[in-house]
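Here is the structure we will look at, set down as structure tokens.
The values are calculated or read from the model by the stated rules, or taken from the named source; none is laboratory data. Just so we're clear, the structure is a prediction, and the values are computed from it rather than from any experiment. Cβ placement follows ideal geometry from the backbone for every residue including glycine, while neighbour counts extend to all protein chains displayed.
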Amino acid sequence: MHRGAPHTVPGSRDDEGAAEQRRLGRRLGLICTVANLSGAVFVFVFLVAIAPGNRLPSGGALYTIAFSIYGLIVFPLEGWWADRSWRRTLAWVVEGRAPTPVERDATLRMPIQEATWSFLAWAGAAVLFPVFCLILEGRGALALRVGLTILDGGLVTCAVVYLFFERALRPVFARALAQDPPRARNSIGVRPRLLLTWTLGSAVPLAGLFLLPLSVGARNPDLAGAVIALASVGLLVGLLTTVVVARSVADPLEALQDAIARVADGQLDVRVAVNDGSEVGLLQAGVNQMVAGLRERHRLADLFGRHVGTEVARLALEQGSGLVSEQRDATVMFVDLIGSTALAEVLSPHQVVDTLNAFFDAVAGAVAAEGGWVNKFEGDGALCVFGAPADQPDHAARALRAARTLRDRLATLADAYPGIDAGIGVSSGTVVAGNVGTESRYEYTLIGGPVNEAARLTELSKGRPGRVIASSATVRRSGPEETNWIPLGTVALRGRSAPTAIHEPVRSREPVQ
């Protein structure tokens, strides 16, 4: 009854896969051999020496010979056939590739298929040996008992083969289902497995104990040996099958629990091995799909935040399709690169891109450090906002600190990127903030006087050594930050009827031009 290991596929290019198949074949063959041999020996000993009442003739040489001949012919034949099937089914393992849908389904059916083949061998014995007993003994009741005992032992043995086969093939199932997770149950589910465990550990032994008095009639022989044998089998088989089924359910659930805990900690690179074709496998695949959806949502949210700002992205996701337009008191900082046209003429395209990226990185870093966000990059300029869409009572002070910080960063960048320089304008007031566009394409932006004023102050700042100018209205509402700014007087800005009072940082004080 020993199974031969599957052979390497001729011309195989994957020696590691062939070795894995051989190791798996030896393990599966050992499971079948031990299970069938143990079951057959127990049934034979029970019928010859343990069963109460009329037994087979003690020491019956003919029964021993018949048992040996049947075992040496039928079980090796069944093993040879199963071995061929294993090699054919697991060819994809040898070739080191993903299985086709047909190969995947055949791999998942291996446990039930092997149990079926083993049962056919036992069913043949359950028919042949009662006939043999009837010919030798001439007693129909004895022949019937022999047939039922063999059939009972075969059912228990084949169920054990199935459970241990399914457990041994879990790593192969994981590879088979890695590329194409199950969408429907394609193996025995959790409920049938539990019922099978109960049948092997309780129902079969108890049924045997129940039928013992009925099978021996009124003679009331000693039943102690048969009771002990059946009870021992029930305890042993029940323990083994319960452990196997418990692990087949508990191990995947523990892996799922660990995966969910890691997802809760923010780890979205989690993936659970799908190694079961039942409801457990569907749950494993469902968790993987859920994590993939969360990972994609996180990626889109991150990309969305990079385009519109994290605060706008958060509010947009909370409020649905868009943000409600509203009037807000906010501060706008406009930044514009000086001499960008000249830079494009003297630098290579690659150097121009590097310079712009360094410039925008400095802008984004200085603004984010004060809790603001870059509303948009426009060519070689940037529109930065403080106080919208999130409330910031000290938005003016934040914007002024960001402007001074950015001025210092640009001065440092000029050492690495000669010629990099920018004008900075800051203005505060009431703006209209919200989505502008159509249903198919819109963007969150700000409209109002402070936006235009910040752009005009930026142009004016390009003629100042400090390169930063803020409206006096912004400086006056900045609290302690006001001490870092000095007045420059008033200027007439294009598009505004009244003069605008302006300030600049202290260390850049120069006569008004």
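In the stretch 54-73, the qualifying residues are those that are assigned to a helix (DSSP H, G or I) and surrounded by 18 or more Cβ atoms within 10 Å (Cβ to Cβ), and the one that is modelled with the lowest pLDDT is TYR63. Remark: pairs (first residue in the stretch 452-476, under 14 Å from ASP421 (Cβ atoms); second residue part of a helix (DSSP H, G or I) and small (Gly, Ala, Ser); Cβ separation under 6 Å; 6+ apart in sequence or on different chains) = PRO465/SER508; GLY466/SER508; ARG467/SER461; VAL468/ALA403; VAL468/SER461. Which residues, taken from the stretch 396-427, are within 21 Å of ALA455 (Cβ to Cβ) and of a type in the set (Val, Ile, Thr)? If the condition is that a residue be within 21 Å of ALA455 (Cβ to Cβ) and of a type in the set (Val, Ile, Thr), then THR405, ILE420, ILE424, VAL426 are the ones that fit. From the list ALA416, ALA399, ALA433, the lone residue that is surrounded by 13 or more Cβ atoms within 10 Å (Cβ to Cβ) and over 14 Å from MET333 (Cβ atoms) is ALA433. From the list GLU114, GLU103, GLU95, the one residue that fits, being surrounded by 19 or more Cβ atoms within 10 Å (Cβ to Cβ) and within 26 Å of ALA176 (Cα to Cα), is GLU114. The number of residues in the stretch 365-392 being closer than 25 Å to ARG477 by Cβ, hydrophobic (A, V, I, L, M, F, W, C) and without any contact (Cβ under 8 Å) to a residue 40 or more places away in the chain comes to 3. Per the conditions (1) farther than 20 Å from ASP394 by Cβ; (2) modelled with pLDDT of 90 or more; (3) surrounded by fewer than 17 Cβ atoms within 10 Å (Cβ to Cβ); (4) in contact with a helix residue (DSSP H, G or I) (Cβ under 7 Å, 6 or more places away or on another chain), the sole criterion not satisfied by PRO465 is (2). Out of the helices (runs of 4 or more DSSP H) lying entirely within the stretch 93-186, which hold 2 or more residues that are polar (S, T, N, Q) and assigned by TED's automatic domain parsing to the domain that holds ASN36? Output list reads 110-137, 140-168. All of (1) over 19 Å from PRO505 (Cβ atoms); (2) surrounded by 17 or more Cβ atoms within 10 Å (Cβ to Cβ); (3) touching a strand residue (DSSP E or B) at 6+ places or on another chain (Cβ under 9 Å) hold for LEU406 with one exception: (1).
One residue alone among VAL363, VAL346 is among the aliphatic types (A, V, I, L, M) and touching a helix residue (DSSP H, G or I) at 6+ places or on another chain (Cβ under 7 Å), and that residue is VAL363. Find the residue count for the stretch 493-504, including only residues that are surrounded by fewer than 21 Cβ atoms within 10 Å (Cβ to Cβ) and assigned to a strand (DSSP E or B). Total satisfying the criteria: 2.
Residue by residue, here is whether (1) within 19 Å of LEU148 (Cα to Cα); (2) touching a helix residue (DSSP H, G or I) at 6+ places or on another chain (Cβ under 8 Å); (3) modelled with pLDDT under 80 holds:
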position: ARG27; (1), (2), (3): no, yes, no
position: LEU30; (1), (2), (3): no, no, no
position: VAL45; (1), (2), (3): yes, no, yes
position: VAL48; (1), (2), (3): yes, yes, yes
position: PRO52; (1), (2), (3): yes, yes, yes
position: VAL93; (1), (2), (3): no, yes, yes
position: THR100; (1), (2), (3): no, yes, no
position: MET110; (1), (2), (3): no, yes, no
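Can you tell me which residue within the stretch 138-151, out of those that are farther than 17 Å from GLY39 by Cα and free of Cβ contacts under 8 Å to residues at least 24 places away in the same chain, is nearest to the chain's Cα centre (by Cα)? Among them, the one singled out is LEU144. In the stretch 362-396, the residue that is surrounded by the most Cβ atoms within 10 Å (Cβ to Cβ) out of those that are assigned to a helix (DSSP H, G or I) and of a type outside the set (A, V, I, L, M) is HIS395. Scanning the stretch 477-492 for residues that are in contact (Cβ under 8 Å) with a residue 24 or more places away in the chain and surrounded by fewer than 21 Cβ atoms within 10 Å (Cβ to Cβ) returns ARG477, GLY479, PRO480, GLU481, ASN484, VAL491.
Looking at the stretch 412-432, which of its residues are part of a helix (DSSP H, G or I) and closer than 17 Å to ASP380 by Cα? Across the stretch 412-432, the qualifying residues are LEU413, ALA414.
Summed over the stretch 370-418, the residues that are of a type in the set (Asp, Glu) and modelled with pLDDT under 90 give a count of 4.
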